[in-house]
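Below is one structure, written out as structure tokens; the observations come after it.
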Amino acid sequence: MKQMALDIGLSTVPSLSSFFAGPNAAAVQHLKLWAQSATRSPVPTYLWGQSGSGKTHLLQAVHGALRDQAALVGWLDASRQAPVPFDEAWSAVVMDDVHLYNLEQQHTAFNWFVNALTPKSGQPRWVLAAGAFPPADLALRDDLRSRLGWGHVYALQVLSDPERRAVLRQEADARGLFLSDEVMSYVLTRFSRDLSSLMQLLEHLDQYALQTQRVVSIPLIKSMLENE
């Protein structure tokens, strides 16, 4: 059955505490350790996995956690075209979707990497990156690829359907929503099943149910979509 993507313009702020770790507990624990520490990891961290495994959520969560500590953080992803020079005031650099970097972005990433780990003053900065493939399989310049694989490398696993159901149940309970098994089956077979989309859907359902004063049901979901 074809699944519908959900683009409703609503999303919650990614956080490490809201991420359902499941089979990725070791990676999440590693990120929490360094994101909540007063010091930064002197060794780079690289996350890889297929779409929907939570890479971007985790990077944005770490970025937000560091910013909450008033730390300055450099961010680079494949959508950023203009080169950005390294800032000595940064305490960490975060690089998302490295497998999509063009030559100019690879040059920027390598420059950030070198400056972060060999600072002119102070302690080394934490380099946190993510991509769709393990370091050895990245179609990047050799010096950047080797550095991405030098430190801690974690392969993220996509959650199974029972784990997705557990995430939905946990988030719905936190919102005071009841999701029947029938509703969850409907959602998981008709919508994009990556966690980011599911969380957006749940937030929209929560708001729509409050507005209409109705319980969450399949007719409610259909009504919500018809009124988009």
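The values are calculated or read from the model by the stated rules, or taken from the named source; none is laboratory data. These numbers come from a predicted model, not from an experiment. Note that each Cβ is placed from the backbone with ideal geometry, even for glycine, and that neighbours are counted across all protein chains shown.
Only one entry of Trp112, Trp75 meets the criterion of being in contact with a Phe, Trp or Tyr (Cβ under 6 Å, 6 or more places away or on another chain) and either under 30 Å from Gly22 (Cα atoms) or not charged (D, E, K, R) (or both), and that entry is Trp112.
Condition check ((1) closer than 30 Å to Pro134 by Cβ; (2) outside any helix (DSSP H, G or I)) across all residues:
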{"residue": "Val158", "(1), (2)": "yes, yes"}
{"residue": "Ser185", "(1), (2)": "no, no"}
{"residue": "Leu198", "(1), (2)": "yes, no"}
{"residue": "Leu202", "(1), (2)": "no, no"}
{"residue": "Gln211", "(1), (2)": "no, no"}
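Within segment 38-73, the set of residues being under 19 Å from Phe110 (Cβ atoms) and either of a type in the set (Lys, Arg) or without any contact (Cβ under 8 Å) to a residue 40 or more places away in the chain (or both) comprises Val73 only. Exactly one of these conditions fails for Val94: (1) of a type in the set (Val, Ile, Thr); (2) in the same structural domain as Thr56 (by TED's automatic domain parsing); (3) farther than 14 Å from Lys55 by Cβ; (4) surrounded by 14 or more Cβ atoms within 10 Å (Cβ to Cβ). Give me its number. Only one criterion is unmet by Val94, namely (3).
For segment 76-95, a residue qualifies if it is over 10 Å from Arg125 (Cα atoms), in contact (Cβ under 8 Å) with a residue 24 or more places away in the chain and touching a Leu at 6+ places or on another chain (Cβ under 8 Å), and the qualifying residues are Ala78, Val84, Val94, Met95. Within segment 173-200, residues that are under 21 Å from Ser51 (Cα atoms) sit with their Cβ atoms under 7 Å from residues that are of a type in the set (Asp, Glu) and part of a helix (DSSP H, G or I), at 6+ positions apart or across chains, in these pairs: Leu188/Asp161; Met199/Glu171.
Among the residues making up segment 142-184, those that are among the aliphatic types (A, V, I, L, M), surrounded by 15 or more Cβ atoms within 10 Å (Cβ to Cβ) and modelled with pLDDT under 95 are Val158, Leu159, Val167, Leu168, Ala172, Leu177, Leu179, Val183, Met184.
Of a type in the set (Phe, Trp, Tyr) and free of Cβ contacts under 8 Å to residues at least 40 places away in the same chain - does that describe any residue in segment 207-221? Scanning segment 207-221 turns up at least one residue that is of a type in the set (Phe, Trp, Tyr) and free of Cβ contacts under 8 Å to residues at least 40 places away in the same chain.
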